[in-house]
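Enquirer: To start, I am sharing the structure in question, which I have written as structure tokens.
The values are calculated or read from the model by the stated rules, or taken from the named source; none is laboratory data. Fair warning: this is a prediction, and the values are worked out from it, not measured in the lab. For neighbour counting, all protein chains shown are included, and Cβ atoms are generated from backbone atoms with ideal geometry for every residue, glycine included. When the accessible area is computed, the model is the full protein with side chains, heavy atoms only, and any ligands, DNA or RNA have been set aside. Shrake-Rupley method; radii C 1.70, N 1.55, O 1.52, S 1.80 Å.
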Amino acid sequence: APETETIVDRVRGKGFQDYQRLMLECFNAYYHALKPGRWITVEFHNSKNSVWIAIQQALQQAGFVIADVRTLNKEQGSFQQVNSASAVKQDLIISAYKANGGLEQRFTLEAGTEVGAWDFVRTHLGQLPIFVSRGTQVQYVAERQSYLLYDRMVAFHVQRGKTVPLSAGEFYVGLAQRFAERDSMYFLPEQVVEYDKKRLLAREVQQIPLIVVDEADAIQWLRQTLSSKPQTYSDLYTQFVNQLQTINKHEKLPELSQILDQNFLRYDGLDDVPSQIHAYLSTNFKELRNLAKNHPSLRQKAKDRWYVPDPNNSAQLEKIRETALLKEFEEYRNFSGRELKQFRLEAVRVGFRRAWQDKDYPTIIQVSQKIPEDVLQEDPKLMMWYDQALTRSEGA
């Protein structure tokens, strides 16, 4: 029937909100029909990021946990994992599952606790593909990255109206302590054995193409770049600028120096050369092989190179960064104009997360109304907190 057709159609008076509502009704029906532990796969052609966000939100609001997002190349019949920024104008395949009854039952008792958070992560890792390859190349399982595991854990709590018991920094430290890491992906103990065996037969891990549209993407690009090659600021600068061609017009992107200071570490040449830099230099420069980490030649070559910190150092940096972002968020909250033209999206995300923890739903709604509608609709994290804040406010 026309009234139940899930489309955006101005002629019929159907807007984006109607599309979201109808998609949620569809996924609610699928969720109730599926048994715990069963899967749903959604395929659709995406012409707008807002459509992708709406479907993702509807899946999560219905109770599903997203486990895999890939594009379908119809000409080659192949699948490629993507980050959300590169999901426009492609055929998307989303795989999600209904958590088994055991997790949901345990979560009602453990919700809002660290035990509940790690129970979810352990269960989620068990659902993800362990090893995906094409020829001699390992295909990256994006959902096994630390930041996406954190996002899924947060979404699982927020969609169920619970506070999130771990900050990003605390989560990354705990992740490294509890699970095995390979090629920047995390595995359960029994999974890593299988991965290691199959990894021996592969030449390399294929990186996911990353389109930088905001600060979070810029940080991931730097992490990916510095993981394989620690570099100086001058080495990075031109590469970084070339990545900024696709930055969203509303994004108030910090300078490269600020992003580096808040998220990475620089070797000052005084102590032993960090293991990450040492591994890169000794592998790529014959004259530096088999040198001790305090050797003068190695120190000189390593000096001023930026590198990815270990989880403990990342947690410390995260606290400093969060303080700065919350300070900026306060400026947006106190902004007296009608609409914010340019802002630091990461500050809004962190501010919303803090407001959610404090059950300060009016702040989330108030700031959301100052953000351009298309920006709000195309950011899954903002939409998640905004939708849930509206629901909690209406139910108060």
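Enquirer: Determine if the stretch 122-144 includes at least one residue that is β-branched (Val, Ile, Thr), open to solvent by less than 40 Å² (accessible area, probe 1.4 Å), part of a loop (DSSP other than H, G, I, E, B) and under 24 Å from Ile219 (Cα atoms).
Expert: There is at least one residue in the stretch 122-144 that is β-branched (Val, Ile, Thr), open to solvent by less than 40 Å² (accessible area, probe 1.4 Å), part of a loop (DSSP other than H, G, I, E, B) and under 24 Å from Ile219 (Cα atoms).
Enquirer: Hey, among the residues in the stretch 228-278 that are among the β-branched types (Val, Ile, Thr) and within 24 Å of the chain's Cα centre (by Cα), which one's farthest from Leu376 (Cα to Cα)?
Expert: Val241
Enquirer: Let me ask you something else. Please go through the stretch 186-206 and give me each residue that is touching a residue at least 40 places away in the same chain (Cβ under 8 Å), over 24 Å from Val115 (Cβ atoms) and not β-branched (Val, Ile, Thr), ordered by number.
Expert: Once the filter is applied, which keeps residues that are touching a residue at least 40 places away in the same chain (Cβ under 8 Å), over 24 Å from Val115 (Cβ atoms) and not β-branched (Val, Ile, Thr), the stretch 186-206 yields Glu194, Tyr195, Lys198, Arg199, Leu201, Ala202, Arg203, Glu204, Gln206.
Enquirer: How many residues are out of contact with any helix residue (DSSP H, G or I) (no Cβ under 9 Å at 6 or more places or on another chain), modelled with pLDDT of 85 or more and part of a loop (DSSP other than H, G, I, E, B) if we restrict to the stretch 36-74?
Expert: 1
Enquirer: Also, quick follow-up: Counting just the residues of the stretch 106-121 that are at pLDDT 90 or above and either over 16 Å from Phe171 (Cβ atoms) or surrounded by 16 or more Cβ atoms within 10 Å (Cβ to Cβ) (or both), which one comes out nearest to the chain's Cα centre (by Cα)?
Expert: For the stretch 106-121, the residue satisfying everything is Val121.
Enquirer: Now, a different point. Take residues that are in contact (Cβ under 8 Å) with a residue 60 or more places away in the chain, of a type in the set (A, V, I, L, M, F, W, C) and surrounded by 15 or more Cβ atoms within 10 Å (Cβ to Cβ) and tell me which of the helices (runs of 4 or more DSSP H) falling wholly in the stretch 293-390 contain 1 or more.
Expert: 296-302, 311-333, 345-357, 373-377
Enquirer: Return the residue satisfying two criteria in turn: it lies in the stretch 167-197 and is open to solvent by less than 10 Å² (accessible area, probe 1.4 Å) and not in a helix (DSSP H, G or I), and of such residues it is nearest to Leu128 (Cα to Cα).
Expert: This residue is Phe187.
Enquirer: Across the stretch 224-242, what is the number of residues that are part of a helix (DSSP H, G or I) and surrounded by fewer than 18 Cβ atoms within 10 Å (Cβ to Cβ)?
Expert: The qualifying residues number 11.
Enquirer: Given the structure, is Lys319 basic (Lys, Arg), touching a Gly at 6+ places or on another chain (Cβ under 8 Å), at negative phi and at pLDDT below 95?
Expert: Considered against the rule, which asks whether it is basic (Lys, Arg), touching a Gly at 6+ places or on another chain (Cβ under 8 Å), at negative phi and at pLDDT below 95, Lys319 comes out as yes.
Enquirer: A further question on this structure: Do you know which residues across the stretch 265-292 are part of a loop (DSSP other than H, G, I, E, B), open to solvent by less than 50 Å² (accessible area, probe 1.4 Å) and either among the polar types (S, T, N, Q) or touching a Ser or Thr at 6+ places or on another chain (Cβ under 8 Å) (or both)?
Expert: The answer is Leu291, and nothing else.
Enquirer: While we're looking at this one, here's another question. Pull out all pairs, ordered by first then second residue, where Cβ-Cβ is under 6 Å, the residues are six or more apart or on different chains, the first lies in the stretch 148-165 and is of a type outside the set (A, V, I, L, M, F, W, C), and the second is at pLDDT below 90.
Expert: So the pair list comes out as Lys162/Ala111; Lys162/Gly112; Thr163/Gly112; Pro165/Gly112.
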